[in-house]
1. Past 25 Å, Cα to Cα, is the threshold; run Lys144/Lys256; Lys223/Lys256; Lys144/Lys203 against it and keep the listed order.
2. Roughly how compact is the chain, stated as its Cα Rg over 2.2 N^0.38 Å to two decimals?
3. For Gly236, which sequence-distant residues (separation of 5 or more, or a different chain) have an amide H within less than 5 Å of its own amide H, given hydrogens modelled in the peptide plane?
4. First select every other residue whose beta carbon is under 14 angstrom from the beta carbon of His98; then total the charges, Lys and Arg +1, Asp and Glu -1.
5. Would you kindly calculate the translational diffusion coefficient of the range 97-174, applying Stokes-Einstein with the Kirkwood radius from alpha carbon pairs, for 10 °C and a viscosity of 1.306 mPa s, and quote it in µm² s⁻¹ without decimals?
6. Got a sec to turn the phi values of the range 166-179 into Karplus ³J(HN,Hα) couplings, 6.51 cos²θ - 1.76 cosθ + 1.60 with θ = phi - 60°, whole Hz, x for Gly and Pro?
7. Pulled fully out, how much extra length does the chain show between Ile166 and Arg69, if you take 0.36 nm times their separation in residues and subtract their Cα-Cα distance?
8. Take the chain, connect every pair of alpha-carbon atoms lying under 10 Å apart with a spring to form a Gaussian network, then pick out the residue of Ala13, Ala185, Ala107 with the largest mean-square fluctuation.
Amino acid sequence: MSVEMIEVWRGSARQWEVDEMGHWNTQYYVARANEGLAMLFGFNGLPGLFSPDAVTTIAFNEHHIRFHREAHGGAPLHMTAGFLEVGETMAFAVLVLHHSESGQVAATFRVRLTHVQAADGATPLAWPDAFREKAAASLVETPKEAAPRGTDDDPVTVTASRDRAIHLGLKRTAMSLIERDSCDAFGRMVSQKFIGAVGSGVKQLTGPLRACVAELAETPPGKVGGAVLEFRIVYGETPRIGDCFEIWAGLQKADKRTMSLIFWMVDPFTGRVYGSMQSIAIVFDLDARAIVAISPAATEALEEFVTEGLGL
């Protein structure tokens, strides 16, 4: 029997977390969701999973995220959450971020994760019986807002690789180092930093795409930027402090409103795959705060940017 989700986080969008588009940067939505996830586990009997002294912790397998209503600096927000499923070593959670003043949904998160040994961050371990019993007794249903819309939801075999990125002619949009402030208590890169790394170089890919859509729009837009409606992230090996990374990216497809972009995060030296992300993005009129429609002429022009066969 489904029960009500519980509150797991309350606060606001900090002004210094607002990006050049004037809205709360996507990586901070995920950072707050991770804080909410820690509270959800705590309320279900596992309060120490994210402590540096923990014997066990969690490893992320997959995120599905939808952004419903943008948040600006200072916006009061709160989050509710619950478990959708709990297995022997895995769990599937859902979190919903709300605008506190209106009650409207700001974003939704569905998170697949595994209970692992903290020492290596990879060896699956069975959940304690008390946790499984408590969580299983309070399972929730997926809110309609959290259901996938622009992304697939079926199990996926990740095809990302550095060699394949080069073969397909993907664009290298970012390359850098995993530093201490990007990592958790166990020295592993936190999930929001994957999104942050993608965002730091995203205009390397989207600059020409946005220009194409704006120039060929049937109604000329004002100042043009971009925004994301949905993410699907499948995680591979987790990078740690001192590891380097590259982001390789390409345009998968476009329709009348959105572009599906693919981002692969890999180790530039060994080729290890850290993660793969599908991003459902829009061209955004920053003056009107509205989506810029992709005209038939723009759709045709974008074809030259599409990489055939590109996926997660």
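1. Lys144/Lys203
2. 1.00
3. Gly275, Ser276
4. Net local charge, His98 excluded: -1.
5. For these conditions, the coefficient is 91 µm²/s.
6. 5, 4, 6, x, 5, 8, 7, 9, 7, 7, 6, 10, 7, 9
7. That works out to 31.3 nm of additional length.
8. Result: Ala185 has the largest fluctuation of those listed.
Every read-out reported here was derived from the displayed coordinates using simple, explicitly stated rules and does not represent laboratory data. Since this is a predicted model, take the numbers as computed values, not measurements. Heads up, the Cβs are rebuilt from the backbone with ideal geometry, glycines too, and the neighbour counts pull from every protein chain shown.
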